[in-house]
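Everything on this sheet refers to the single structure shown next.
FYI, it's all coordinate maths here, none of it is from the lab. No experiment lies behind these values; they were computed from the predicted model shown. Cβ sites come from the backbone with ideal geometry, for glycine too, and all protein chains shown count toward neighbours.
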Amino acid sequence: MGEILFETRSIKNLWGLGSKKTVVDKDTFANLEWVISIIIGFIVFEIMTKVVKVKIDQHFPTLKRSALRWAISNEVPEKLERWKLGFRSRRVQLYSTVHVTVKNTFAKYSKR
């Protein structure tokens, strides 16, 4: 099977606008696409990191204070503590139920 070359002169394929014959083969195009996507990703990541870091440094203290005030005014810590205690008691009930069931099952089948 021969090497697959592709490239046409059109708006869809900007590689071929200025030439009359094939310029880029499939492997080269895939490698170029991979390298360019890494470079663009790196640039976008750096820009976002710098912009987001500045915004976080500016607004995080006020957002943190607002969130803590909201949590205290809505009694979130107390509600979480009650939820945790309820969850803990349900877990103990489940454990004891399973324990008793397994114990009874072993007792029933060990008599045979």
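Summing +1 for each Lys or Arg and -1 for each Asp or Glu, what net charge is found among the other residues whose Cβ lies under 11 Å from the Cβ of Glu75?
With Lys, Arg at +1 and Asp, Glu at -1, the net is 0.
How big is the charge dipole of the range 48-112 about its Cα centre, in debye rounded to the nearest 20, if each Lys and Arg gets +1 on its Cβ and each Asp and Glu gets -1 on its Cβ?
400
Where the eigenvalues come from the Cα gyration tensor of the range 64-112, what are the semi-axes √(5λ) of the equivalent ellipsoid, largest first, in whole Å?
Calculated on Cα positions only, the semi-axes equal 45, 7, 4 Å.
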